[in-house]
Amino acid sequence: MIAIIAILAAILFPVFAQAKEAAKATACLSNGKNIGTAILLYANDNEDVVLPSKLFPNTAPIDDQVAGAWTKTIQPYLKNEDVLFDPSFSEANNYRAESERCYGEPTTGTNLLPPPKTYGGRNGFFSHYGIASGSIPSTACSTRNSPHQAYAGSGWVSGTWVNRSSTEVVEPARTAIVGDAYTAVRKDLSRLSVTFGCEGTFRHKGKGANLGFLDGHSKYIPNDPEFGYIDQDAQGCYYKRYFAWDK
């Protein structure tokens with residue numbers, strides 16, 4: 001009898017583990033969709049302007065940056081802080097993504113994780129998701145090694161405030177606005193980090209991440225969602241498929 005129970009346990013435990021992970025991934029996808037919907041509601045009340053990732057520049061006092069984070073601005077439309085946190089999140093996988101996919105060397109991300117807990121949140125994180133920051137796209141033709149990106153969000157870009165209108169976006173159904181990443185104060189206290197893109201790699205099976213798009217839908221993107229999908233425009237210039245609102 002004991003042998004039979006042991007055999008059944010060996011068979012069923014992996015199944016239970018897979019089911020648990022699938023449930024977490026589904027919850028994560030649902031969170032992203034809810035955040036994306038709240039971003040659309042914000043735009044509806046603010047002349048179609050996409051929610052800013054933060055209301056203060058990196059040069060502002062860190063307390064002001066925290067107070068102006070998108071996680072605060074979105075609450076009147078989200079009305080649920082739990083949605084900002086992903087049951088699938090792990091600091092180890094997040095750091096691995098930064099080291100292997102975003103920056104290419106393990107030492108680069110040491111100022112990012114773990115974040116200080118002084119500013120609240122959950123273990124120092126204000127969210128296990130990030131949203132698109134404002135961006136000013138380059139007019140130069142980009143290469144495959146350095147593909148064009150133009151995040152669809154609003155906010156501060158190199159000292160310039162960008163109000164990105166959702167009506168400017170060429171393909172809302174292809175343009176991501178929220179994704180598996182994180183929002184937290186850097187470990188060195190230099191600024192608030194609102195990450196978005198490659199940071200979600202490795203969060204789920206298939207080395208992929210969930211993205212929410214500007215038309216309101218969300219989906220899982222296998223492999224690295226930022227650097228794993230590079231397209232060319234009519235001029236032969238390369239761009240990141242899900243991270244270029246002007247393509």
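The values are calculated or read from the model by the stated rules, or taken from the named source; none is laboratory data. Computed from a predicted structure; not experimentally measured. Here the Cβ positions follow ideal geometry from the backbone for every residue, glycine too, while neighbour counts run over all protein chains shown.
Some notes on this structure:
- Selection within the range 141-166 - under 13 Å from Asp246 (Cβ atoms) and without any contact (Cβ under 8 Å) to a residue 60 or more places away in the chain: Val162
- Test: residue in the range 93-103 that is without any contact (Cβ under 8 Å) to a residue 60 or more places away in the chain, crowded, with 16+ Cβ neighbours inside 10 Å and aliphatic (A, V, I, L, M): no
- Looking at Ala209, Ala244, just one residue is without any contact (Cβ under 8 Å) to a residue 40 or more places away in the chain and of a type in the set (A, V, I, L, M, F, W, C), and that residue is Ala209.
- Every pair of residues 6+ apart whose Cβ atoms lie under 7 Å, when the first sits in the range 122-138 and is β-branched (Val, Ile, Thr) while the second is at pLDDT 95 or above and in a strand (DSSP E or B): Ile131/Ile177; Ile131/Val178
- Considering residues of the range 196-206 that are in a loop (DSSP other than H, G, I, E, B) and of a type outside the set (S, T, N, Q) only, the residue nearest to Leu41 (Cα to Cα): Phe196
- Of all the listed residues (Tyr182, Tyr220, Tyr239), the sole one being among the aromatic types (Phe, Trp, Tyr) and under 12 Å from the mean Cα position of the chain (by Cα) is Tyr182.
- At least 2 residues being at pLDDT 90 or above and not hydroxyl-bearing (Ser, Thr, Tyr) is the threshold, and among the helices (runs of 4 or more DSSP H) wholly inside the range 51-157 those reaching it are 62-67, 70-73, 75-78.
- Residue tally, condition crowded, with 20+ Cβ neighbours inside 10 Å and farther than 23 Å from Leu84 by Cβ, over the range 150-166: 1
- Residue in the range 181-190 that is touching a residue at least 12 places away in the same chain (Cβ under 8 Å), on the phi > 0 side of the Ramachandran plot, part of a loop (DSSP other than H, G, I, E, B) and among the charged types (D, E, K, R) present: no
- Failed criterion for Val169 (all others in (1) surrounded by fewer than 24 Cβ atoms within 10 Å (Cβ to Cβ); (2) of a type in the set (A, V, I, L, M); (3) without any contact (Cβ under 8 Å) to a residue 60 or more places away in the chain; (4) over 21 Å from Asp64 (Cα atoms) hold): (3)
- Qualifying residues in the range 191-206 (those that are small (Gly, Ala, Ser) and in contact (Cβ under 8 Å) with a residue 24 or more places away in the chain) - the one surrounded by the fewest Cβ atoms within 10 Å (Cβ to Cβ): Ser193
- Cross-chain or 6+ apart pairs with Cβ under 9 Å, the range 30-54 first and farther than 17 Å from Thr71 by Cβ, then aliphatic (A, V, I, L, M) and in a helix (DSSP H, G or I): Ser30/Val83; Val49/Ala43
- Annotation: Ala43 fulfils all but one of (1) closer than 21 Å to Ser135 by Cα; (2) in a loop (DSSP other than H, G, I, E, B); the unmet one is (2).
- Residue that is surrounded by the most Cβ atoms within 10 Å (Cβ to Cβ) [pool: residues in the range 23-56 that are polar (S, T, N, Q) and within 21 Å of Thr195 (Cα to Cα)]: Asn31
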